[in-house]
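The values are calculated or read from the model by the stated rules, or taken from the named source; none is laboratory data. None of these values were measured; they are calculated from a predicted model. Positions of Cβ are generated from backbone atoms using ideal geometry, with glycine treated the same way; all protein chains shown enter the neighbour counts. These area figures cover heavy atoms from the full protein model, side chains too; ligands, DNA and RNA do not enter into them. Shrake-Rupley method; radii C 1.70, N 1.55, O 1.52, S 1.80 Å.
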Amino acid sequence: MRLFILLWFLSFNAFSKDFLPIPAKFKQIISLIESNNRDNAIGDNGKALGRYQIWQICYDDACNYDKSISFSYNSLTNKANSDIILTVYLNRYGRELIKLNDFESLARLWNAGPNWKNKKNLTNSYVSKFRKHLTNR
């Protein structure tokens with residue numbers, strides 16, 4: 001019984017909200033576009049870390065949304081940590097898009113943030129790269 005309670009407690013704290021999984025295909029393409037699948041990538045003049053090129057503002061947003069996140073921003077060179085931030089952020093702002101498997105809109109969201117619809121034209125190049133990789137798989 002104690003083991004059951006411990007496992008329940010650990011699973012609850014590891015991901016405190018009911019997050020939808022991000023499809024592996026989507027994550028693979030974003031990782032390829034952002035960092036060529038490099039976990040130790042640093043980009044945007046030092047402002048972005050890891051395979052998904054996560055900015056501090058994105059990390060902070062995800063941490064504010066899911067208080068169970070306990071790792072530091074600098075640990076985003078760890079794939080598992082980067083996956084958590086990607087999952088939390090996209091669930092916060094794109095839950096319906098995840099349900100619809102609307103990869104293109106999710107890519108726009110990841111590229112431009114929660115107000116991507118107001119700057120859709122700025123994401124066209126990114127989505128073009130995304131489509132290219134989607135059709136090549």
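The sole residue among Asp61, Asp83, Asp66 that is acidic (Asp, Glu), within 26 Å of Arg131 (Cβ to Cβ) and at pLDDT 95 or above is Asp83.
Is one or more of the residues making up the range 46-55 open to solvent by less than 30 Å² (accessible area, probe 1.4 Å), at pLDDT 95 or above, more than 20 Å from Thr123 (Cβ to Cβ) and of a type in the set (Ser, Thr, Tyr)? Among the residues of the range 46-55, not one is open to solvent by less than 30 Å² (accessible area, probe 1.4 Å), at pLDDT 95 or above, more than 20 Å from Thr123 (Cβ to Cβ) and of a type in the set (Ser, Thr, Tyr), which makes the answer no.
Quick one: would you say Asn37 is exposed (fewer than 10 other Cβ atoms within 10 Å of the Cβ), part of a loop (DSSP other than H, G, I, E, B) and at pLDDT 95 or above? Considered against the rule, which asks whether it is exposed (fewer than 10 other Cβ atoms within 10 Å of the Cβ), part of a loop (DSSP other than H, G, I, E, B) and at pLDDT 95 or above, Asn37 comes out as no.
Just one of (1) in contact (Cβ under 8 Å) with a residue 12 or more places away in the chain; (2) under 13 Å from the mean Cα position of the chain (by Cα); (3) within 15 Å of Pro21 (Cα to Cα) fails for Asn101. It is (2). Residues in the range 114-137 that are without any contact (Cβ under 8 Å) to a residue 24 or more places away in the chain, open to solvent by less than 80 Å² (accessible area, probe 1.4 Å) and either out of contact with any Lys or Arg (no Cβ under 6 Å at 6 or more places or on another chain) or of a type in the set (A, V, I, L, M, F, W, C) (or both): Pro114, Trp116, Lys119, Asn124, Ser125, Val127, Ser128.
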